[in-house]
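Undergrad: Before I ask anything, here is the structure I am working with.
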Amino acid sequence: MPTDALAPLRHFVVEMTRCVGEVSNEPDLLAQGKALLSQLIAHDHWLPEEFAKAKPDTYAQYLLHCDPMESFSVVSFVWGPGHCTPVHDHTVWGLVGILRGAERCEEFAWQSDQQRAVERHCQHLMHPGDIDVVSPTVGDWHRVSNALDSGVSVSIHVYGANIGKVNRWVYHEDGTQKAFVSGYSNAPLATVAPADIPQRSEEHTSELQSHHDL
């Protein structure tokens, strides 16, 4: 790959670092971040092949950049045919931009009085160039899947934290919730999980390694 192939990503990281450091209002931050991400995903030549490889059993979540202060992170998600997340939250703001292929997003609402994710209230297809916003302030629960029957889809995600070490939740179809920390496909979970996160059971650790649960 040409030596300057990563220039679009470097430019995005520089501008996003400035944006996160200067903009404290979340709607403005998301608007500016969305404009920057739109520029990044306008072309896909910059993404190294090793961060666009699908896994055979589940989607992959590759860390591309994490701010040293963990104020934001950039991640590529790679989906093979049939790959799908459970219903899950993020607990921080996030931007999801489609780089290749297509993804299906099913949005859910959180019902506080019953402490559960309610029935799906909408779904939409996303194609290259499309960007979704997630946040506890605008809607934080969704389920994402590869919309292609065959072929690989790739999306670029930006989150307001080191998303691989954030304590989050999945909501299963039987109504049960489970805490999880996703880690990354290209980094052992132990290197990104803070020391103060309680040790998980072997069953939970195995589930994370086989499903990633986003």
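Undergrad: Just one of the numbered conditions (1) open to solvent by less than 40 Å² (accessible area, probe 1.4 Å); (2) aliphatic (A, V, I, L, M); (3) not in a strand (DSSP E or B) is not true of V144; which one?
TA: Condition (3) is where V144 drops out.
Undergrad: Another one. Pick out the one residue from A161, A195 that is at pLDDT 95 or above and assigned to a loop (DSSP other than H, G, I, E, B). Give the steps one after another, and end with the answer.
TA: On the way: A195 fails: at pLDDT 95 or above.
Matching residue, one of A161, A195: A161.
Undergrad: Oh, and also: If we scan the stretch 70-83, do we find a residue that is free of Cβ contacts under 8 Å to residues at least 24 places away in the same chain, within 16 Å of G164 (Cβ to Cβ) and out of contact with any Leu (no Cβ under 8 Å at 6 or more places or on another chain)? Walk me through how you get there before you give the answer.
TA: Pass one, the stretch 70-83, residues free of Cβ contacts under 8 Å to residues at least 24 places away in the same chain: none.
No; the residues of the stretch 70-83 include none that is free of Cβ contacts under 8 Å to residues at least 24 places away in the same chain, within 16 Å of G164 (Cβ to Cβ) and out of contact with any Leu (no Cβ under 8 Å at 6 or more places or on another chain).
Undergrad: For the stretch 1-52, give me each residue that is aromatic (F, W, Y) and either in a helix (DSSP H, G or I) or at pLDDT below 95 (or both). Let's see the steps before the verdict.
TA: So in the stretch 1-52, the residues aromatic (F, W, Y) come out as 12, 46, 51.
Answer for the stretch 1-52, where residues must be aromatic (F, W, Y) and either in a helix (DSSP H, G or I) or at pLDDT below 95 (or both): F12, F51.
Undergrad: Which numbered condition in (1) open to solvent by 90 Å² or more (accessible area, probe 1.4 Å); (2) aliphatic (A, V, I, L, M); (3) in contact with a strand residue (DSSP E or B) (Cβ under 8 Å, 6 or more places away or on another chain) is the only one that L9 fails?
TA: Every condition holds for L9 apart from (1).
Undergrad: Could you please give the count of residues in the stretch 62-94 that are in a strand (DSSP E or B) and crowded, with 17+ Cβ neighbours inside 10 Å?
TA: Within the stretch 62-94, residues that are in a strand (DSSP E or B) and crowded, with 17+ Cβ neighbours inside 10 Å number 14.
For (1) closer than 16 Å to L99 by Cα; (2) among the hydroxyl-bearing types (S, T, Y), each residue gets a yes or a no:
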{"position": "V133", "(1), (2)": "yes, no"}
{"position": "H142", "(1), (2)": "no, no"}
{"position": "L148", "(1), (2)": "yes, no"}
{"position": "S155", "(1), (2)": "yes, yes"}
{"position": "V170", "(1), (2)": "no, no"}
{"position": "Q177", "(1), (2)": "no, no"}
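Undergrad: Of a type in the set (G, A, S) and open to solvent by 30 Å² or more (accessible area, probe 1.4 Å): which single residue out of G151, G164, G160 fits that description?
TA: Residue meeting the stated conditions: G151.
Undergrad: Let me ask something else about it. Quick check, is L36 within 17 Å of S155 (Cα to Cα), touching a Cys at 6+ places or on another chain (Cβ under 8 Å) and open to solvent by 20 Å² or more (accessible area, probe 1.4 Å)?
TA: Values: within 17 Å of S155 (Cα to Cα): yes; touching a Cys at 6+ places or on another chain (Cβ under 8 Å): yes; open to solvent by 20 Å² or more (accessible area, probe 1.4 Å): yes.
Spelling it out, L36 is indeed within 17 Å of S155 (Cα to Cα), touching a Cys at 6+ places or on another chain (Cβ under 8 Å) and open to solvent by 20 Å² or more (accessible area, probe 1.4 Å).
The values are calculated or read from the model by the stated rules, or taken from the named source; none is laboratory data. The model shown is predicted, which means the values in this text are computed figures rather than measured ones. Every residue, glycine as well, gets a Cβ built from its backbone with ideal geometry; the counts of neighbours run over all protein chains shown. Heads up: the accessible areas ignore ligands, DNA and RNA and are worked out on the full protein's heavy atoms, side chains in. Shrake-Rupley method; radii C 1.70, N 1.55, O 1.52, S 1.80 Å.
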